[in-house]
1. Explain nothing, just compute: Karplus ³J(HN,Hα) = 6.51 cos²θ - 1.76 cosθ + 1.60, θ = phi - 60°, for every residue of segment 224-233 in order, whole Hz, x for Gly and Pro.
2. Using 1/(1 + (r/R0)^6) with R0 = 35 angstrom and r between the beta carbons of Phe52 and Gln122, what's the FRET efficiency to the nearest 0.05?
3. With the crude spin-label approximation of a point 7 Å out along Cα→Cβ, what separation in nm comes out for Arg45 versus Lys233?
4. Would you mind putting 69-80, 105-116 in packing order, based on average other-beta-carbon counts within 10 Å, highest first?
5. Please give the direction-averaged projected area of the C-alpha convex hull for segment 66-175, in square nanometres with one decimal.
6. Kindly identify segment 168-218 as rounded, prolate or oblate by the Cα gyration tensor criterion: order the square roots of the eigenvalues as a ≥ b ≥ c, call it rounded if a/c is under 1.5, otherwise compare a/b with b/c, prolate if a/b is larger, else oblate.
7. Please give the length that would be gained between Trp60 and Leu158 if that part of the chain were fully extended, namely 0.36 nm times their separation in residues minus their C-alpha to C-alpha distance (nm, one decimal).
8. Give me Val50, Val215, Val229, Val40 ranked fewest to most by other Cβ atoms within 10 Å of their Cβ, as a rough exposure proxy.
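Computed from the coordinates by the stated procedures, all read-outs in this text should not be read as laboratory data. Being a predicted model, the structure only gives us computed values, none of them experimental. For neighbour counting, all protein chains shown are included, and Cβ atoms are generated from backbone atoms with ideal geometry for every residue, glycine included.
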Amino acid sequence: MAAKQPEVAVAAVFARPFLHSAMSTTHPGGSGLLPQSQEVGKALRHYYDVLFERLGPQQWWPARTRLEVILGAILAQNTAWRNAALALRRLRKAGLLRLSRLQQASRSELEACIRPAGFYRQKALTVRSFLSWLARTCQGSLARLFSRPPAALRRELLRIRGLGPETVDAILLYAGRHPFFVADAYTRRILARHGLVRATAGYAAVQDFLHRHLVADQALFNEYHALLVAVGKRFCQRRRADCQACPLGDFLPRVPLAEERRPSPAAAWAVTEAV
């Protein structure tokens, strides 16, 4: 019988982590060490620069309209993107990617189209709940929807049955172009393995950490999240990580992550403060 694989098989990379070296960098003006929060922000931005250089623009979200983004965010819940994409193709074939037509569709018609995405009854209910809310509060207009104050809009969307933080933030970021970082499982896993957050840190805590250490820029959040998803899928999987091939492999903490679960000492201040 084959031996059971460890939860995370991470290469023992003892590299040149930017965050650690940055802690000894002096301010250009000669005022000594930069504040630690600035160092974490610099490290996060450096990660982004490396990823963008190595992987290039991700062209995400793959949608033609804002409505398609919204539906895709709902359909992608608890399933692979390929299943959500198949459901979207069926919706397009049925003419249901037009808001006016979708609002008129019966529940059975909607369920039949989105069945490939799984949990199709619950997701159909979520879509219909969103459409009902949109009609009541924004006269059925997506333009009116995204012109509302972003923070208040986020709170309202979270009250809709079936819309959780990750789905709402994906809608706000990719359809509404509002700077809410989607701190999904890929993002949390990568940051935890690099010692920036605890492995147990939740969605809200990691999003707050990113919001406080990155400039609130929709284009940056869009591309950064997409790049982290690419890394999570290709190199930093849940049960196995290919750190030697990963663009971020050189920035791992000096202690092998398969043995050390705690944040790196240089990042510990951020963990205790933020998450």
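1. 4, 4, 4, 5, 5, 4, 4, 5, x, 6
2. 0.45
3. 2.9 nm
4. Peptide ranking by packing, descending: 69-80, 105-116.
5. Value for segment 66-175: 5.9 nm².
6. On the way: a/c = 2.52, a/b = 1.79, b/c = 1.41.
Verdict is prolate for segment 168-218.
7. Values: separation 98, 0.36 × 98 = 35.28 nm, distance 2.30 nm.
Going from the current span to full extension adds 33.0 nm.
8. Values: Val50 16, Val215 10, Val229 19, Val40 25.
Lowest count first: Val215, Val50, Val229, Val40.
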